[in-house]
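> Questions regarding the structure given below will be posed in turn.
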Amino acid sequence: MAGDAVGVGLIGFGTIGTGVVKVLQRNESVLSERLGFPLRLVRIADLDTRRDRGVPLDGVRFDDDSDALIDDPEVSIVVELVGGYDAARRLTLRAIDRGKHVVTANKALLALHGNEIFDAAARKGVDVAFEASVGGGIPILRSMREGLSANRIDSLHGIMNGTTNYVLTEMEETGEPFEAVLKRAQDLGYAEADPSFDVDGVDAAHKLTLLTAMAFGAELTFKEIPTEGIRGVTPLDIEVTRDLGYRIKLLGIAKLHVGEDGGERIEARVHPTLIPASSLLAKVDGAMNAIAVHGNAVGPTLFYGAGAGEMPTASAVVADLMEIAREIRRGQAGRVAPLSYVPDHLRPKPLVPLAELHGRCYLVFTALDHPGVLARIAGELGDHGIGIQSVVQKGEVAQKEQGGSVPVVVFTHPAREGAVRQALERIDGLPEVTAPTRLIRIEEGV
Ligand code: HSE
């Protein structure tokens with residue numbers, strides 16, 4: 001089946017945009033052989049038209065006019081790689097309004113404005129594809145929408161942010177504190193100059209928002225997802241927990257809770273998590289991503305790959321272009337609902353409060369090295385029904401910090417998080433306790 005080319009317009013000619021051009025050019029023949037027709041890059045828009053990206057642009061119009069690109073009748077699919085919220089939202093809605101299909105890598109845009117964008121696209125009968133927004137080159141969204149669509153999804157656990165996984169891996173390997181490792185990662189270009197979206201867990205929460213909607217048919221609720229980053233993780237945490245068979249990963253976790261009345265609630269959260277060192281996710285190092293999905297028919301599955309970077313992300317963008325181009329050629333958009341559930345069945349679903357979670361915790365108390373302190377801490381935990389599984393008193397751990405305080409590390413038995421929080425409030429009010437207690441949740445069944 002040979003045929004006319006499908007025209008593509010690219011807005012945003014940065015790292016990923018350059019990767020998209022490279023994939024379209026280098027893999028031109030394999031793309032055409034799979035599609036039966038060519039994809040044609042018609043034009044590119046970017047505010048910076050002077051910088052040489054090192055790719056030939058013969059026959060491609062390149063200027064700074066993104067509105068004209070969207071309105072160009074030769075452009076059928078608009079690739080939005082601008083990033084951020086406002087400009088990207090405006091351009092995406094304009095493209096949809098002009099009847100153009102959209103491919104984006106922008107998880108922040110979709111996590112916050114996805115409901116509006118997907119509604120607009122459905123009304124207009126165009127597709128919005130966003131494989132590159134979660135897990136970079138890993139085809140996790142297509143797998144959720146299609147490969148796993150026969151399943152009720154029970155849970156998913158993911159390392160969804162490469163920057164934080166790189167920093168945690170380096171902290172483990174060097175023993176250095178967070179700030180030093182982050183600084184080196186920035187100097188080497190592995191971390192952004194403003195790393196807060198990554199290290200504070202916001203980027204992972206954007207991605208978890210999309211995955212949660214696709215897994216459970218839950219309307220997008222980014223602002224409600226409890227989110228904690230990795231700034232508070234210390235070399236002590238890494239060392240003590242490693243000795244006991246754990247690794248610390250920034251995980252996005254989502255689970256389905258079905259009540260006795262059949263009512264569904266969603267557990268969704270992003271935070272540093274202790275997982276058994278023997279689990280597959282624990283072996284995901286450096287900037288790589290991995291997402292474990294458990295379906296009620298398929299059982300456990302694991303998706304692994306590069307979660308960022310020029311060519312892996314471009315791989316996902318171009319795969320979306322190919323899928324939409326096929327639909328254009330068949331005159332049939334919207335073959336699969338973007339969030340996996342048809343819009344009528346995407347519903348607001350309540351989130352399970354953190355206080356209701358039940359699991360083991362790793363706690364680090366900072367207390368004056370006085371007789372009886374440990375007994376008072378243990379007493380408060382016991383009063384709240386929290387059993388102690390082990391207390392770590394290694395020589396290095398017991399080294400005094402400034403001011404004569406020592407860290408006291410406790411692993412609890414499974415307990416309700418609400419009770420743990422209440423106990424910590426009491427403990428942090430004790431005169432011998434000199435800093436807020438740190439808590440890292442332990443996730444066993446990963
Ligand atoms: N900044 C992200 C990461 C990549 O570090 O994984 C883009 O989603």
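> How much length, in nm to one decimal, is gained on full extension between D428 and R242, taken as 0.36 nm per residue of separation minus their Cα-Cα distance?
Details: separation 186, 0.36 × 186 = 66.96 nm, distance 2.59 nm.
Gain in length upon complete extension: 64.4 nm.
> Please work out how much length the chain gains when fully extended from A277 to A150, using 0.36 nm per residue of separation minus the C-alpha to C-alpha distance, in nm with one decimal. Provide the component values of the computation, followed by the final result.
Numbers: separation 127, 0.36 × 127 = 45.72 nm, distance 3.11 nm.
That pair, A277 and A150, stretches by 42.6 nm at full extension.
> Given all pairs of different Cα atoms, what value in angstroms does the Kirkwood hydrodynamic radius of the chain take? Spell out each step's value before the answer.
Numbers: mean 1/r = 0.0425 Å⁻¹.
By the Kirkwood definition, the hydrodynamic radius is 23.5 Å.
> For region 186-227, which semi-axes, largest first and in whole Å, follow from the square roots of 5 times the eigenvalues of its Cα gyration tensor?
After scaling each eigenvalue by five and taking roots: 27, 10, 6 Å.
> What span do the alpha-carbon atoms of region 218-311 cover on each of the three principal axes, reported in whole Å from largest to smallest?
Sorted from largest, the Cα extents of region 218-311 read 45, 33, 27 Å.
> Figure the gain on full extension for E173 and Q389 (residue separation times 0.36 nm, minus the Cα-Cα span) and round it to one decimal in nm. Don't jump to the answer; show the numbers that get you there.
Numbers: separation 216, 0.36 × 216 = 77.76 nm, distance 2.75 nm.
Gain on stretching E173 to Q389: 75.0 nm.
> Test of the criteria: in region 114-206, which GluC sites (Glu not before Pro) are in a DSSP loop and have at most 15 other Cβ atoms within 10 angstrom of their Cβ?
Numbers: sites: E116, E131, E146, E170, E172, E173, E179, E192; in loops: E192.
Here the sparse-neighbourhood loop sites are E192.
> May I ask for the Rg/Rh ratio of region 81-147, computed from Cα atoms with Rh as the Kirkwood radius, given to two decimals?
Values: Rg = 11.6 Å, Rh = 12.1 Å.
We get a ratio of 0.96 for region 81-147.
> Hey, in the GNM for the chain with a 10 angstrom Cα cutoff, which one of T221, T366, T164 fluctuates hardest?
Most flexible of the set in this elastic network: T366.
> Sticking with this structure for a sec: In Å and on Cα atoms, what radius of gyration and Dmax does region 355-442 show?
In order Rg, Dmax, the Cα atoms of region 355-442 give 12.2, 36 Å.
> Under 18 Å from the 7 Å Cα→Cβ point of N296, by amide nitrogen: which residues of region 256-284?
Correct set: 256-267.
> Which FRET efficiency value, to the nearest 0.05, do you get for N27 and V342 by plugging their Cβ-Cβ distance into 1/(1 + (r/R0)^6) with R0 = 30 Å? If you can, show how the numbers build up before the last one.
Working: r = 33 Å, r/R0 = 1.09.
About 0.35, to the nearest 0.05.
> Here's something else I'd like to know. Output the pairs from K183/K255; K100/K249; K22/K207; K22/K255 with a Cα-Cα distance over 32 Å in this structure; if there are none, say none.
Numbers: K183/K255 35 Å; K100/K249 40 Å; K22/K207 26 Å; K22/K255 38 Å.
Exceeds cut-off: K183/K255; K100/K249; K22/K255.
> Using only the Cα atoms of region 257-371, what do you get for the radius of gyration and for Dmax, in Å?
When restricted to the Cα atoms of region 257-371, Rg and Dmax are 20.9, 77 Å.
> With only alpha-carbon pairs counted, each pair once and no self-pairs, how large is the Kirkwood hydrodynamic radius of region 1-75 in angstroms?
On the way: mean 1/r = 0.0777 Å⁻¹.
After inverting the mean inverse Cα-Cα distance, the result is 12.9 Å.
> With 10 angstrom as the radius, rank M322, M160, M288, M144 by how many other C-beta atoms surround their C-beta, starting from the fewest.
Values: M322 15, M160 31, M288 20, M144 25.
In increasing order of surrounding Cβ atoms, one gets M322, M288, M144, M160.
Taken together, the values in this text are just the output of simple stated rules run on the coordinates, not laboratory data. None of these values were measured; they are calculated from a predicted model. Don't worry about glycine lacking a Cβ; one is built from the backbone with ideal geometry, like all the others, and counts go over all protein chains shown.
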